[in-house]
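Visitor: Take this structure, written in structure tokens, and hold onto it; I'll ask about it next.
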Amino acid sequence: MAERLPRWVTSDMLTWFSLFAAMLIAAGYLLTNYDPAWLWLASLGYVLHWVGDSLDGTIARVRNQSRPLYGFYIDHNMDCVAEFFIFGGLGFSAYMHFWMGLLLFSVYLGLEVYVMICAHLKNEFKLTYGKFGPTELRVMMIILNTVWFFVEPLHTVSVPVTVGPLSGTLLSMDFAGFVAELKKQKIRLSLSQQDEWEPYFNDYKEACNTLKEQIQKTDSEIDTRVFDLYGLTQEERQTVLNH
């Protein structure tokens, strides 16, 4: 493939192209908070990232334009930046908590350090272990994206919601305010989820308001009967209610 590329395509261009692909992956994952279909953009990004990352060094060797030190330095620094975008996008997606994305990025950096140590001490540069390397990882992520998209419970049921802290203000909120409060709790709903949840929210709110009115009416009736039982005047009744 490298031999067939136009002469104006350079190794540096492919390196920057792979970084652009990583940003495309991150954008796809971020946009899943609005619609799971953006997972296809992330999968496309993995394919483009494979093209750029696999060919940048190859094209330099085929054209006898290798720059071992410069190429090694640029390639691995760009790889770290690219993985930062990818794992960061995963952490901010609708499918993974941020701390998990951060943990995966830390594991990647640890493996990168191990590869660098082996390259320095053993003069052995090895990226594939047990027949599993960067290409296999990209394929696995594309498969995982496909599963996330087609398995409905993974993007409509798996969002944890705890409304306990909101109970005091829930009845005074509209749905937009409810979604904003969920975001403060690091809970993000996609647009399709918002469309599905809004009718339930409005029905729940209406039922709660009806129950609240019934409770207030019952409380008022109990107060009146107790006041009548003790023969309190209107002024005394008001004093009791104020306290």
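Visitor: Taking +1 at the Cβ of each Lys and Arg and -1 at the Cβ of each Asp and Glu, which of Trp16, Phe84, Val62 sits farthest along the dipole of the range 1-93 towards its positive end, judged by Cα position relative to the Cα centre?
Guide: Val62
Visitor: Hey, another quick one. Give Lys131/Lys183; Lys184/Lys205; Lys183/Lys217 a once-over and call out the pairs whose C-alpha atoms are over 30 Å from each other.
Guide: Exceeds cut-off: Lys131/Lys183; Lys183/Lys217.
Visitor: Helix 68-91 against the longest principal axis of the chain: what's the angle in degrees, Cα atoms only, rounded to the nearest 10?
Guide: Tilt of helix 68-91: around 20 degrees.
Visitor: Looking at the chain as a GNM with Cα springs under 10 Å, which of Leu191, Leu31, Leu127 has the largest mean-square fluctuation?
Guide: Leu127
Visitor: Something else about it: With +1 on the Cβ of every Lys and Arg and -1 on the Cβ of every Asp and Glu, and nothing else charged, how large is the dipole of the chain about its Cα centre, in debye rounded to the nearest 20? Before the final figure, lay out each step's value.
Guide: Numbers: 18 positive and 26 negative charges, 288 e Å.
About 1380 debye.
Visitor: Another one. Tell me which label goes with the value of volume of the Cα convex hull per residue in Å³ computed from the coordinates here: (i) 191; (ii) 173; (iii) 133.
Guide: The value computed from this structure is option (i).
Visitor: Starting from one equal scatterer on each C-alpha and no solvent at all, send me the Debye-based log10 I(q)/I(0) for the range 2-99 at q = 0.10, 0.16, 0.23, 0.24 Å⁻¹, two decimals.
Guide: Result of the Debye calculation: -0.31, -0.67, -1.05, -1.10.
Visitor: About its Cα centre, what dipole magnitude does the range 164-242 give when the only charges are +1 on Lys and Arg Cβ and -1 on Asp and Glu Cβ, stated in debye to the nearest 20?
Guide: Magnitude of the dipole: close to 440 debye.
Visitor: Can you give the direction-averaged projected area of the convex hull of the alpha-carbon atoms in the range 164-242, in nm²?
Guide: 6.8 nm²
Visitor: So, in Å, what gap is there between the alpha-carbon centers of the range 207-224 and the range 20-70?
Guide: When both Cα centres are located, 61 Å separates them.
Visitor: Using Cβ contacts closer than 10 Å as the measure, can you line up Tyr34, Tyr114 from fewest to most? All intermediate terms of the calculation are to be shown ahead of the outcome.
Guide: Values: Tyr34 16, Tyr114 12.
Lowest to highest Cβ neighbour count: Tyr114, Tyr34.
Visitor: How far, in nm, would the chain grow between Leu232 and Glu213 when pulled straight, counting 0.36 nm per residue and subtracting the alpha carbon separation?
Guide: 4.3 nm
Visitor: Given a 10 angstrom Cα cut-off, can you work out which residue in Thr146, Thr233, Thr210 is the most mobile in a GNM of the chain?
Guide: Ranking Thr146, Thr233, Thr210 by mean-square fluctuation puts Thr233 first.
Visitor: Taking Cα pairs under 8 Å and at least six residues apart, what relative contact order does the range 1-140 come out at, in percent?
Guide: Relative contact order for the range 1-140 comes out at 25 percent.
Visitor: Something else about it: GNM, the chain, Cα, under 10 Å: largest mean-square fluctuation among Ile143, Ile86, Ile222?
Guide: Evaluated over the chain, the most mobile residue of the options is Ile222.
Visitor: Relative contact order (percent) for the chain, with alpha-carbon contacts under 8 angstrom and 6 or more residues of separation?
Guide: Relative CO of the chain lands at 20 percent.
The numbers here are math on the coordinates, done by the rules we state, and not lab data. As the structure is a prediction and not an experimental result, all values here were calculated from the model. All Cβ positions, even for glycine, are placed from backbone atoms using ideal geometry, and neighbour counts span all protein chains on display.
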